[in-house]
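Enquirer: Please see the structure below; I have some questions.
The values are calculated or read from the model by the stated rules, or taken from the named source; none is laboratory data. What you see is a predicted model, and the numbers here were worked out from it, not measured in a lab. A quick note on method: Cβ atoms are made from the backbone with ideal geometry, for glycine too, and the neighbour counts reach across all protein chains shown. Each accessible area value is taken on the protein alone, full model and side chains, heavy atoms only, with ligands, DNA and RNA left out. Shrake-Rupley method; radii C 1.70, N 1.55, O 1.52, S 1.80 Å.
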Amino acid sequence: MRSRVAGSVLLRHLGPRVFGAAAAPRPLLAGAGGEGGVWARLLATNAAEAAKEEVAASKDNVASTAAATAEVIQAAKEREKSGVVSSYWGIAPAKLVNKDGAEWKWSCFRPWEAYTSDTSIDITKHHQPKVLLDKIAYWTVKSLRVPTDIFFQRRYGCRAMMLETVAAVPGMVGGMLLHLRSLRRFEQSGGWIRALLEEAENERMHLMTFMEVADPKWYERALVLAVQGVFFNAYFVGYLLSPKFAHRVVGYLEEEAIHSYTEFLRDIEAGRIENVPAPRIAIDYWRLPADARLKDVVTVVRADEAHHRDVNHFAADIHFQGLELNKTPAPLGYH
């Protein structure tokens, strides 16, 4: 109400000056005792009171803002100390424990995703290439081994790291393309999407393990970027053109991985590579004994590679028989 009165008085006083003298305005200040004097005193009183209220409100706003900011900062410090991530959406990390009741420290995999590797699998099996496409796949992989041997020689820790950065690509590419195909055709995948993504995740966990053992140099990291970029795109195109050829290539790649890990074990047993304690992530992921060593880790990784060999040769055989993958149930959890 006071603001309206003050506004009307100012408009009546300034209107003729702004908009011209179309009408003769009444004098605002006619004298202390007249009507103009009353309006002048009223205007001065209203302006003073409005200024006081504005100052008080400003102080209250500053005080409330400072208090709210202090509360937010204090709450953030408490969450930081406790390790709890705050989320507007109500998402909170689950508190997990392992079989011994201790707090689970890994966020990259869960206790129920850990497993005991089947090391009794036959690591000597080999798919003999007979048809032309198999021979092309076989000799392609063999030709890729030559520069790898020259570059890494017998540094099997770094060699394993490089191998896993490549081995984790096919499962992801194959699973992605099968996922898109399932969406386009409105059909089930027969479990093959999940099987291939499981393979990719398992290979990635191999890499996370060997990163605890090997310390790659800068040029080896640069090589990983180059090799992964080339291999991803090449395998993507290859899988689009011929899935049976792509799976056969991976089957032979896994055979070469088995050979490399066998050589790795021989160097450990001969004392050329120190048999250091197994990384904690490997102990939890493969459910190894607490006193497990590097030799135990390499053994279970080699067994995983043998399982991936079987799955990819099996997928290639399905295609070579003129069948579709989604018509044959995938070997989920085979590794």
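Enquirer: Say we look at the stretch 123-166 and pick out the residues that are of a type in the set (V, I, T) and in a helix (DSSP H, G or I); which of these is nearest to L207 (Cα to Cα)?
Expert: Among those that are of a type in the set (V, I, T) and in a helix (DSSP H, G or I), it is T165.
Enquirer: Restricting attention to the stretch 309-331, does a residue exist that is open to solvent by 30 Å² or more (accessible area, probe 1.4 Å), within 30 Å of R155 (Cα to Cα) and not in a helix (DSSP H, G or I)?
Expert: Within the stretch 309-331 (the criterion being open to solvent by 30 Å² or more (accessible area, probe 1.4 Å), within 30 Å of R155 (Cα to Cα) and not in a helix (DSSP H, G or I)), the answer is no, since none of the residues qualifies.
Enquirer: Output the residues belonging to the stretch 235-269 that are open to solvent by less than 60 Å² (accessible area, probe 1.4 Å) and of a type in the set (A, V, I, L, M, F, W, C).
Expert: F245, A246, V249, V250, L253, A257, I258, F264, L265, I268
Enquirer: Here's a follow-up. Given the residues A102, A114, A137, which is the only one that is open to solvent by less than 30 Å² (accessible area, probe 1.4 Å), within 24 Å of L288 (Cα to Cα) and not aromatic (F, W, Y)?
Expert: A114
Enquirer: Out of all the residues in the stretch 286-294, is one or more open to solvent by 70 Å² or more (accessible area, probe 1.4 Å), aliphatic (A, V, I, L, M) and in a loop (DSSP other than H, G, I, E, B)?
Expert: Yes; the residues of the stretch 286-294 include at least one that is open to solvent by 70 Å² or more (accessible area, probe 1.4 Å), aliphatic (A, V, I, L, M) and in a loop (DSSP other than H, G, I, E, B).
Enquirer: Let me ask something additional. Return the residue satisfying two criteria in turn: it lies in the stretch 117-134 and is of a type in the set (V, I, T) and surrounded by fewer than 15 Cβ atoms within 10 Å (Cβ to Cβ), and of such residues it is nearest to A282 (Cα to Cα).
Expert: Among residues in the stretch 117-134 that are of a type in the set (V, I, T) and surrounded by fewer than 15 Cβ atoms within 10 Å (Cβ to Cβ), the one nearest to A282 (Cα to Cα) is T119.
Enquirer: Identify the single condition in (1) part of a loop (DSSP other than H, G, I, E, B); (2) modelled with pLDDT of 80 or more; (3) of a type in the set (A, V, I, L, M) that V169 does not satisfy, given that it satisfies every other one.
Expert: Result: V169 passes all but (1).
Enquirer: Okay, next question. Is it the case, given these coordinates, that S143 is open to solvent by 50 Å² or more (accessible area, probe 1.4 Å) and modelled with pLDDT under 80?
Expert: Answer is no for this residue.
Enquirer: Let me ask something else. Somewhere in the stretch 299-307, is a residue in contact (Cβ under 8 Å) with a residue 12 or more places away in the chain, touching a strand residue (DSSP E or B) at 6+ places or on another chain (Cβ under 9 Å) and surrounded by 18 or more Cβ atoms within 10 Å (Cβ to Cβ)?
Expert: Scanning the stretch 299-307 turns up no residue that is in contact (Cβ under 8 Å) with a residue 12 or more places away in the chain, touching a strand residue (DSSP E or B) at 6+ places or on another chain (Cβ under 9 Å) and surrounded by 18 or more Cβ atoms within 10 Å (Cβ to Cβ).
Enquirer: Being in a loop (DSSP other than H, G, I, E, B) and open to solvent by less than 60 Å² (accessible area, probe 1.4 Å) is true for just one of G190, G175. Which residue is that?
Expert: Result: G190 is the single residue among G190, G175 that is in a loop (DSSP other than H, G, I, E, B) and open to solvent by less than 60 Å² (accessible area, probe 1.4 Å).
Enquirer: Moving to a separate point now. Could you list all residues from the stretch 242-262 that are assigned to a helix (DSSP H, G or I) and more than 13 Å from E305 (Cβ to Cβ)?
Expert: Selection gives P243, K244, F245, A246, H247, R248, V249.
Enquirer: Any chance you could count how many residues in the stretch 193-231 are in a loop (DSSP other than H, G, I, E, B) and surrounded by fewer than 19 Cβ atoms within 10 Å (Cβ to Cβ)?
Expert: 6
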